[in-house]
1. What are the membrane-span-like helices in the chain by this rule: whole DSSP H runs, Cα extent along the axis at least 24 Å, mean Kyte-Doolittle hydropathy at least 0.5?
2. Residues of the stretch 33-67 with backbone nitrogen within less than 16 Å of a virtual label 7 Å along the Cα-to-Cβ line of ARG18, please, listed as ranges.
3. Mind computing the radius of gyration and Dmax over the alpha-carbon atoms of the stretch 1-99? Å is fine for both.
4. Please return the longest range in the chain lying between exposed loop sites, taking GluC sites (Glu not before Pro), DSSP loop only, at most 16 other beta-carbon atoms within 10 Å, and leaving the sites out.
5. Find the percent of Cα-Cα distances in the chain that exceed 32 Å, and round it to a whole number.
6. Would you calculate, for the chain, the mean residue ellipticity at 222 nm contributed by helices, counting each DSSP H stretch of 4 or more residues as -39,500 (n - 2.57) and dividing by all residues, to the nearest 500?
7. Could you pull out every residue, at least 5 positions away or on a different chain, whose amide H is within less than 5 Å of the one on LEU49? Hs are placed 1.01 Å off N in the peptide plane, and Pro or chain starts have none.
8. Got the relative contact order for the chain handy, in percent, Cα pairs under 8 Å and 6 or more residues apart?
Amino acid sequence: LEDNVEVTHAGPSPETLRAVEAFATTDPSWTIIALAYIMYVPGLTVKKLPAAPRIVQLRVDNVQSSLGTTAYLVSPRGVGALLKAHRRNGFQMPIPDLMATLFPDSRYGTFPMPFHRSASVRSIVNPQLDDLRQVMFKPTFVATFETLLVGSGQSTATVLAGIIGSLVTVAILAGYQAATAALSYAADPLGYEGNLLIDSLLGAVAAAGIAFIAFGASLAPK
């Protein structure tokens, strides 16, 4: 566990801990079981394992897409491989990148995650992303994105594109309806047959959606 860890809404439930214990003691294929991982890295896919409830397999398209080391278990075989790589090459890359290089197909996690990286702890490695983390690592956002990622079986790029596309679509439709209602009311206030409260709420939804997208874009790495 790192010093920036935070308990998720699900937490380390007895069911999750039993699932981890069962998988770790019966499946020899694993080297890493992440109890928390960075879900927003490019090219990450999370695959359910039918034979192991609450356990998922973590794969990335690019080994440089680090899943982090917030909270994890490492097998004796994994420890041996890490130490061997260090003796052979010395320090060449951060531990998360070395894990991704050595164990591309033997990293697993839990669903739901019991822990995640805290949004309130600032980074000494890349502090320019701290403002973005304040949004992306909020417990509710983490749980929602995790559910979409695991449930869809799609990569992070596809899930993020779907979220942004949905927000844009809702904002456009709500904005169009609100603008149409405003023009209709301005043209004939007495003959207006719509609902001003609902139309005003649609306008607020459109504004909020656009503001959220703009806020996210302003925080994204430049």
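1. Details: long enough: 156-187 (46 Å, 1.49); 196-219 (34 Å, 2.02).
For the chain, where a helix must reach 24 Å along its axis and average at least 0.5, the hits are 156-187, 196-219.
2. 52-55
3. Answer for the stretch 1-99, Rg first and Dmax second: 14.2, 42 Å.
4. Working: sites that count: GLU2, GLU193.
The longest such stretch corresponds to 3-192.
5. Summing the P(r) of the chain above 32 Å gives 32 percent of all pairs.
6. On the way: 7 runs with 112 residues, N = 222.
It lands at -16500 deg cm²/dmol.
7. Under 5 Å from the amide H of LEU49: ILE55, GLN57.
8. Working: 308 pairs, mean separation 55.3, N = 222.
Here the relative contact order equals 25 percent.
Each value in this text was obtained by applying a stated rule to the coordinates, not by laboratory testing. Predicted model, so just to flag it, every value in this text is computed and none were measured. Because the Cβ atoms are built from the backbone with ideal geometry, glycine has one as well, and the counts that use them run over all protein chains shown.
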